[in-house]
1. For the range 34-86, which residues satisfy the criterion of being among the aliphatic types (A, V, I, L, M) and under 26 Å from Leu108 (Cβ atoms)?
2. Go through (1) modelled with pLDDT of 95 or more; (2) surrounded by 15 or more Cβ atoms within 10 Å (Cβ to Cβ) one by one and return the number of the condition Asp3 breaks.
3. Can you tell me which residue is modelled with the highest pLDDT among those in the range 34-59 that are among the small types (Gly, Ala, Ser) and in contact with an Asp or Glu (Cβ under 8 Å, 6 or more places away or on another chain)?
4. What do you reckon, is Gln73 touching a Gly at 6+ places or on another chain (Cβ under 8 Å), crowded, with 16+ Cβ neighbours inside 10 Å and without any contact (Cβ under 8 Å) to a residue 60 or more places away in the chain?
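The values are calculated or read from the model by the stated rules, or taken from the named source; none is laboratory data. If you're wondering where the values come from, they're calculated on a predicted model, not measured in any experiment. Neighbour counts are summed over all protein chains in view; Cβ atoms, including those assigned to glycine, are modelled from backbone coordinates with ideal geometry.
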Amino acid sequence: MTDVVMVKQRIEEGKVDRLTEWMAEVRDRSDEAEATLRDEGMLTESAFLEHTDDGPHLVYYMEAEDIGRVWEQYEDSDHDIDREHKQVMREVLEDGRDVGEFEPLYHLTNPDR
């Protein structure tokens, strides 16, 4: 069985454009990003921009073989794109804390995927 996680973090006021620019760059560098996913054991990673009355938030959906391994590999990564990602997140996130509480109710995947 896989681990499924959602993470929600506040974006600093005025930093949404910087975040969306970076996410476009990640999409453009998909070969590098996919290499990090392989190293981490990440199966799926999706990033969303949520607009709320409380301000903008970055929301990640992650599916991994072992989410603990993902965090360890990400912290120890020597991939340029991971180093740059950490820098941009320090620039754009209010404080990096998770502000969401998501309780998984079910997770299904198509067995033919």
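1. Leu37, Met42, Leu43, Ala47, Leu49, Leu58, Val59, Met62, Ala64, Ile67, Val70, listed by residue number.
2. (1)
3. Checking each candidate, the answer is Gly55.
4. Spelling it out, Gln73 is indeed touching a Gly at 6+ places or on another chain (Cβ under 8 Å), crowded, with 16+ Cβ neighbours inside 10 Å and without any contact (Cβ under 8 Å) to a residue 60 or more places away in the chain.
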